Amino acid sequence: MTAHEPPGTELLAAVARGVIDLTGIRPSAFRLPYPASLQLALDRVVLESITRRTTVPRSVPELLTWCRERAPMEWLFLPRDFLTPGARLIHPTADEPTRTCAELASLGRHGALEQEAQSLLSKLADTCGSPARFAQCRDFLIRRPVVLRFDPMELLQPSLANTWRLVKDLYGPVPDHYPADGLVHCCSGCGLLAKTDTAGGRWCEGGCLSEDLKLDASHQPGKALVLPLALRLFLSLPGRTELEVRARLGDRSAPLLAVLGIHRIPGRNGEPLDYQVQDREQPIPAAQRAAEAASGLDGQLNVVVPDDRTRSPVYRQAFELALPPGARVRLRSVSEFTASEPTDGTRRGHA
Ligand SMILES: [Zn+2]
């Protein structure tokens, strides 16, 4: 953690990684042994609670209940507004890690999930051998986070066969805890995995509003294939918005650091403009990760987010306040960025 980050951030990130690790191994949520990362996170929360003379979680199941029912700011030493209202690490009815949890698991020097996505893409880029081939494969992964009905005839047709050969090893079976009553579902909005029968109604990994949610189903869960959670949330989910941005910008947009999803367009004043599309629930962790991405660039990084994120000023304000001093990052909505590329390369914030 940097000096700019609140002191409880590292412990919160450790708990989030423990929750993610538990999901990765569980056929059943409470099967023992728990992953070492989760047990270690519990020990650290206990120590912190004793030091601060607050309620101590007595077991991993109790800590998981806290993750499901209580905001982390209630049981860790964090600023009250560190996460958005109602944020939880485990979705209370879907019983899955939230996007907030995944974003937090990627924070700090031990950050793991977004980094796993980058590592997988980096290996894919090496295997592809050419930027054009990697770009094709990356776009395929964006469009197909879930292959609901694996059809060899479709994927081995000449236009797709080469891409499929390069990406197929990234796909695996649907996690055991997703199929229900012999059905596996994916969301037609975000393309990610979904559930129909939670106590709160329909739910999908991308957080699409449940009343608008349309689901596709397959009666053959054994034939469905999915990307790892890291790629679903940190490539495919923002990738849908990235495809829209690139379509609007046309040929002016070209990959700069393709594994990180950083693209470049020529700006009006002749200076190149670098941008990365993000889709994250939590503005403060998003700002911290954006500052890290921008540190490897010569100029400013435009972080482009879906228009919904900036409809209320709260997200933008929290993001900008969380940027470390001197970070060359500017937050833009899709409409702002594609309608009128910014020309002032120093001021950050206002659209
Ligand atoms: Zn969705």
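Quick one: which residue in Arg268, Arg280, Arg240 is closer than 23 Å to Leu121 by Cα, of a type outside the set (Val, Ile, Thr) and surrounded by fewer than 21 Cβ atoms within 10 Å (Cβ to Cβ)?
One residue alone meets the criteria, Arg240.
Looking at Glu205, Glu211, which one is within 14 Å of the ligand (Cβ to nearest atom) and closer than 22 Å to Leu22 by Cβ?
So the residue among Glu205, Glu211 that is within 14 Å of the ligand (Cβ to nearest atom) and closer than 22 Å to Leu22 by Cβ is Glu205.
To keep it simple, each residue is scored yes or no on (1) at pLDDT below 95; (2) touching a Phe, Trp or Tyr at 6+ places or on another chain (Cβ under 7 Å); (3) away from the ligand (no atom under 16 Å from the Cβ).
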site: Gln118; (1), (2), (3): no, no, yes
site: Cys128; (1), (2), (3): no, yes, yes
site: Arg149; (1), (2), (3): yes, no, yes
site: Gln157; (1), (2), (3): yes, no, yes
site: Arg165; (1), (2), (3): no, no, yes
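Condition first: touching a residue at least 40 places away in the same chain (Cβ under 8 Å) and within 16 Å of the ligand (Cβ to nearest atom). Now tell me which residues in region 175-200 satisfy that.
If the condition is that a residue be touching a residue at least 40 places away in the same chain (Cβ under 8 Å) and within 16 Å of the ligand (Cβ to nearest atom), then Tyr178, Val184, Cys186, Cys190, Gly191, Leu192, Leu193, Lys195, Thr198, Gly200 are the ones that fit.
Given Thr98, Thr23, Thr9, which one is modelled with pLDDT under 95, polar (S, T, N, Q), touching a strand residue (DSSP E or B) at 6+ places or on another chain (Cβ under 7 Å) and surrounded by 14 or more Cβ atoms within 10 Å (Cβ to Cβ)?
Thr23
Any idea which of Ala291, Ala286, Ala258 is touching a His at 6+ places or on another chain (Cβ under 9 Å), under 26 Å from Gly326 (Cα atoms), aliphatic (A, V, I, L, M) and away from the ligand (no atom under 16 Å from the Cβ)?
Among Ala291, Ala286, Ala258, only Ala291 is touching a His at 6+ places or on another chain (Cβ under 9 Å), under 26 Å from Gly326 (Cα atoms), aliphatic (A, V, I, L, M) and away from the ligand (no atom under 16 Å from the Cβ).
Could you give me the residue pairs with C-beta distances under 6 Å whose first residue belongs to region 305-323 and is in contact (Cβ under 8 Å) with a residue 12 or more places away in the chain, whose second residue is part of a loop (DSSP other than H, G, I, E, B) and among the small types (Gly, Ala, Ser) wherever it lies, and which are 6+ apart or on separate chains?
Glu320/Gly349
Among the residues of region 247-297, what is the count of those that are in contact with a helix residue (DSSP H, G or I) (Cβ under 7 Å, 6 or more places away or on another chain), part of a helix (DSSP H, G or I) and without any contact (Cβ under 8 Å) to a residue 60 or more places away in the chain?
Result for region 247-297: 2.
The values are calculated or read from the model by the stated rules, or taken from the named source; none is laboratory data. On a predicted model such as this, the values are computed, not experimentally measured, just so you know. Please note: Cβ atoms are built from the backbone with ideal geometry, for glycine as well, and neighbour counts cover all protein chains shown.
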